[in-house]
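Below you'll find the structure, written out as structure tokens, and then a few comments.
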């Protein structure tokens, strides 16, 4: 059944896979309450949990290209073609006025389908090193909004604008942390992104006893895939697979130990939380490392390659920072200077502009 004609514009949001793709899309959607929004995703991915009942969710079957061509490439191409046709039918049937996507492989069929119908496409690339889909399909987008100036330079002649990366609305307000942590103790927050980080978890558990001796508390967001998540027990240690009040947690933290996904970095900047960054070593084109470089150069974070980081080095680095409040304050100020608080609003306005 086709939707009735409406005075408001209709937008299809294509965002799938990880929090790095979905959270910026959700934050932008919150600023587009004047539009009729629906969502395009993939089955068994994070969007089915995060989008929930907020927006109608349509699913297509698509996957990313492997680094080396082979028989699997034919399956990927077949699914891309089918997903593009499915998306094209959805856009026509739903009388959508345009597509907004945050990249990743879900963006490919959405962009191709929209362009075949001459509908405007707005793509947001949050990483400093643009992903494959962004590099391949930017030419078919009306504009590519980017989170880092470095991405703008790397996309060259394509129409781009740097707006930062949108964060959840909870980060725009001050919050009280509802965990049983004394107000006057140093707090270290460990987070590995939406999927967790087992290697970082292992490092932290080896270091934490020394931090406890300094009076520090540790809130450790382990993710759901760490078989040793319950192996450390201590009154000053809270291990949680997931915590939905991350804004309150980072606002309270004295220091974060984190991966360097664009979403995590944006949240750290908005919350003004000094950080030790350990980029995921297998991220496509090492983009997490390049995301983190600007934060290191600005003095907001310390940056370590995972393969170069021993438990002793991490332990000492954290101890040094906890004992130097002046340095932590300098890093806090640097984080604040990197924040772009109105990113979601700026991106929402750009979308409205392209739909009109």
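Read-outs throughout are calculated quantities, based only on the coordinates presented, and are distinct from any laboratory measurement. Predicted model only: the values in this text are computed from it and were never measured. Please note: Cβ atoms are built from the backbone with ideal geometry, for glycine as well, and neighbour counts cover all protein chains shown.
Observations
- Fully extended contour minus Cα-Cα distance, from residue 140 to residue 179, at 0.36 nm per residue: 9.3 nm
- Global form of the range 171-338, assessed from the alpha-carbon gyration tensor, a/c cut-off 1.5: rounded
- Sequence of 129, 81, 22 once ranked by neighbouring C-beta atoms within 10 Å, starting from the fewest: 81, 129, 22
- Taking Cα atoms only, the orientation of helix 325-338 departs from the longest principal axis of the chain by about 10 degrees.
- Extension gain for residue 242-residue 54 works out to 65.6 nm (0.36 nm per residue, less the C-alpha to C-alpha distance).
- For the range 270-292, the residues whose backbone nitrogen is under 20 Å from a point 7 Å from the Cα of residue 305, taken along Cα to Cβ, are 276-292.
- The chain: angle of helix 107-116 to the longest principal axis, Cα-based, in degrees nearest 10: 20 degrees
- Fluctuation leader among 345, 47, 326 - the chain, Gaussian network, Cα springs under 10 angstrom: 326
- Top of 55, 243, 282 by mean-square fluctuation, Gaussian network on the chain, Cα under 10 Å: 282
- Segment residue 71-residue 198, length gained on full extension (0.36 nm per residue, minus Cα span): 42.6 nm
- Selected from 171, 100, 23 as most flexible by GNM, with the chain as the system and alpha-carbon contacts under 10 Å: 171
- Relative to the longest principal axis of the Cα atoms of the chain, the long axis of helix 19-30 makes an angle of roughly 70 degrees.
- As a length-normalised measure over Cα pairs under 8 Å and 6 or more apart, the relative contact order of the range 99-146 settles at 42 percent.
- Measuring nothing but how far apart in sequence close Cα pairs (under 8 Å, 6+ apart) lie, relative to its length, the chain scores a relative contact order of 16 percent.
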